[in-house]
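Report on the structure given below.
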Amino acid sequence: MTALRVAVIGTGMIADAHVRAARDAGAVVGGVLGSSASRSRQAAERWGVPTGYASVDELVADRPDVVHVCTPNDTHVDYALAATAAGLHTVVEKPVAMTLSEGRRLADAVRAAGTVSTVPYVYRYHPMVRELRARVAAGTLGRVLTVHGSYLQDWMVSPDASTWRVDPERGGPSRAFADIGTHWTDLAEFITGTRFTELTARTSIAYAERPDPTSAGASFGGPGTGTGTGTGTGTGTGTSAETGTGTVPVRTEDTAVVTFATADGTLANTVVSQVAAGRKNRLWIEVDGSQGSAVFDQEHPESVWFGGEHGSTTVHRAEGSVSAGQARLNRTPAGHPQGWTDAFAAFCADTYAAVRGETPEGLPTVEDGVRSLEVVDAVLRGAATGRWTSTSTEER
Ligand SMILES: NC(=O)c1ccc[n+]([C@@H]2O[C@H](COP(=O)([O-])OP(=O)(O)OC[C@H]3O[C@@H](n4cnc5c(N)ncnc54)[C@H](O)[C@@H]3O)[C@@H](O)[C@H]2O)c1
């Protein structure tokens with residue numbers, strides 16, 4: 001099988017993860033496009049990629065099989081549309097667009113072009129998420145009564161923290177919820193197989209002002225992009241991009257608390273915050289059913305807790321009888337931990353399988369990206385009005 005050749009747009013934290021995941025999934029990274037020709041060349045050198053493109057036109061003319069769009073939110077749609085118009089397959093980072101209508105425009109273009117377009121809701125690719133999903137579908141937990149949890153980070157807890165995401169022109173009208181809350185809702189709907197039809201939301205802003213993010217430097221960073229606080233945690237959360245001298249008013253939320261309802265009245269609730277001190281990437285979800293409960297905690301992805309009225313148990317990956325969904329994603333034996341980078345690589349492998357004409361189960365596509373934008377749109381409307389709000393704008 002000939003390796004697919006991919007191009008990556010963006011040179012920051014998540015672009016780095018895409019380069020590694022693409023290679024792990026068997027692709028050749030043929031070129032990279034940064035915010036300038038010199039940044040493209042620097043990144044190409046850093047990653048050992050043959051070409052640093054000077055422009056998107058140069059990238060498109062190079063005809064990669066797949067284009068990974070890993071840039072700030074305001075650029076996703078234009079880059080993805082340019083690639084799609086040329087008939088190239090895409091992986092588009094979330095949120096796929098700044099607004100729901102832009103997201104729909106992209107999905108329409110992808111449908112018209114007949115290309116594959118996927119969105120890295122990669123938490124779906126933890127084997128134990130598939131195990132939990134399979135057991136919910138098999139009725140092991142009984143009827144789902146409640147879903148709850150949170151997605152907490154702390155990289156914006158300092159008033160000095162700033163990033164391009166603080167600027168609504170670059171990050172969009174929702175910050176914390178669009179950035180990480182959408183991962184939680186995608187996972188909740190994926191695991192339970194249901195849709196949240198309505199929601200109520202409140203949001204809050206931790207600081208009225210933050211430093212002016214004048215450039216698109218690193219934000220939620222990887223190792224080595226630490227805060228300079230000397231904590232040496234290694235999970236580095238680059239507080240600030242290269243910041244300007246002044247401050248800017250903060251107009252987008254640091255925290256969102258959202259309550260959801262499904263069409264049959266099942267309730268769900270999540271707390272989304274990027275100002276929760278000590279929480280690095282705590283995506284946590286509990287499904288409570290009439291026969292049992294279950295918890296998946298992204299920071300401990302090798303197991304799922306199953307609670308029962310008369311006893312509880314922790315099920316570990318690759319032990320005992322496993323679901324087909326888990327088995328497909330297990331790549332190491334029990335006791336040899338898999339994590340986020342494996343999930344990212346599995347997502348890329350499924351994207352490339354789709355490009356080859358297969359239909360991998362549970363692959364998040366641009367349609368799922370649009371679904372997330374529907375929820376974001378409803379959160380913003382619900383927070384503004386204080387009312388229960390439909391998550392489907394078709395029904396408005
Ligand atoms: N799927 C996930 O789990 C996940 C995780 C983190 C980030 N993301 C998404 O990835 C995107 C990037 O986030 P990040 O954390 O890597 O940000 P970042 O600030 O670390 O990196 C952004 C990069 O884009 C470059 N850039 C800016 N404008 C550009 C342009 N016009 N053309 C080309 N390159 C440009 C910057 O120089 C920088 O290298 C965001 O949309 C974010 O929501 C997704």
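What to note about this one:
- In a fully extended conformation the segment linking R195 and T140 would gain 17.8 nm over its present Cα-Cα distance, using 0.36 nm per residue.
- These residues, R331, R381, go from largest to smallest accessible area, 1.4 Å probe, as R331, R381.
- Surface accessible to a 1.4 Å probe, per residue, for the residues of segment 5-118, Å²: 38
- Percentage relative contact order, the chain, counting C-alpha pairs under 8 Å, at least six apart: 21
- Label point 7 Å beyond Cα of N269 along Cβ direction - residues of segment 170-202 with amide nitrogen under 15 Å: 199-202
- Alpha-carbon spread of segment 272-331, three principal axes, descending order, Å: 39, 33, 15
- FRET efficiency estimate (nearest 0.05) - Cβ-Cβ, E45 to V248, R0 30 angstrom: 0.35
- Charge dipole of the chain (Cα centre as origin; +1 on each Lys and Arg Cβ, -1 on each Asp and Glu Cβ, all else neutral): 300 debye, rounded to the nearest 20.
- Within the accessible area of the chain (1.4 Å probe), percent carbon and sulfur: 50
- Exposure ranking of H89, H336, H183 by accessible area [1.4 Å probe, largest first]: H336, H89, H183
- Segment 5-118 - share of DSSP beta bridges that are antiparallel (%, nearest 5): 0
- Segment 6-43 versus segment 287-366: alpha-carbon centroid distance in Å: 27
- Helix runs (DSSP H) in the chain reaching 30 Å along axis by Cα, Kyte-Doolittle at least 0.0: none
- Kirkwood Rh, angstrom, segment 5-118 [1 / mean 1/r, Cα pairs]: 13.7
- Its convex hull of Cα atoms gives the chain a direction-averaged projected area, equal to a quarter of the hull surface, of 19.6 nm².
The values are calculated or read from the model by the stated rules, or taken from the named source; none is laboratory data. Quick caveat, the model's predicted, so the values are computed rather than measured. As a convention, Cβ positions derive from the backbone with ideal geometry for all residues, glycine included, and neighbour counts pool all protein chains shown. Side chains included, ligands, DNA and RNA excluded: accessible areas come from the protein's heavy atoms. Shrake-Rupley method; radii C 1.70, N 1.55, O 1.52, S 1.80 Å.
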